[in-house]
1. Are there any pairs, at least 6 apart or on different chains, whose C-beta atoms fall under 6 Å, with the first in region 15-37 and assigned to a helix (DSSP H, G or I) and the second of a type in the set (D, E, K, R), and if so, which?
2. Can you tell me how many residues within region 6-35 are surrounded by fewer than 10 Cβ atoms within 10 Å (Cβ to Cβ) and under 18 Å from Met49 (Cα atoms)?
Amino acid sequence: MNGTGPLDVRLLVLLLAGAFVLYIAYAHPATREPLLVAVGVVTLLYLLMGSSGGR
């Protein structure tokens, strides 16, 4: 598995992390703002990894 398929490991990890963050934000309303910042940082890192020029 070289990670170039339509559902590679990075995408799967990001989807699982997103589901976890969604659950935490739903269960504990006081954590919504810090989680929103964390999701923004992860999104920025993902975009920076994707635009690094490839392998």
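1. Listed by first residue and then by second, the contacts come to Ala25/Arg32.
2. Total meeting the criteria: 2.
Each reported figure results from applying straightforward, stated rules to the coordinates on display, with no laboratory input. A quick note: this is a predicted structure, and the numbers were derived from the prediction, not measured. Counting neighbours? That spans all protein chains shown, and the Cβs are built from the backbone with ideal geometry, glycine included.
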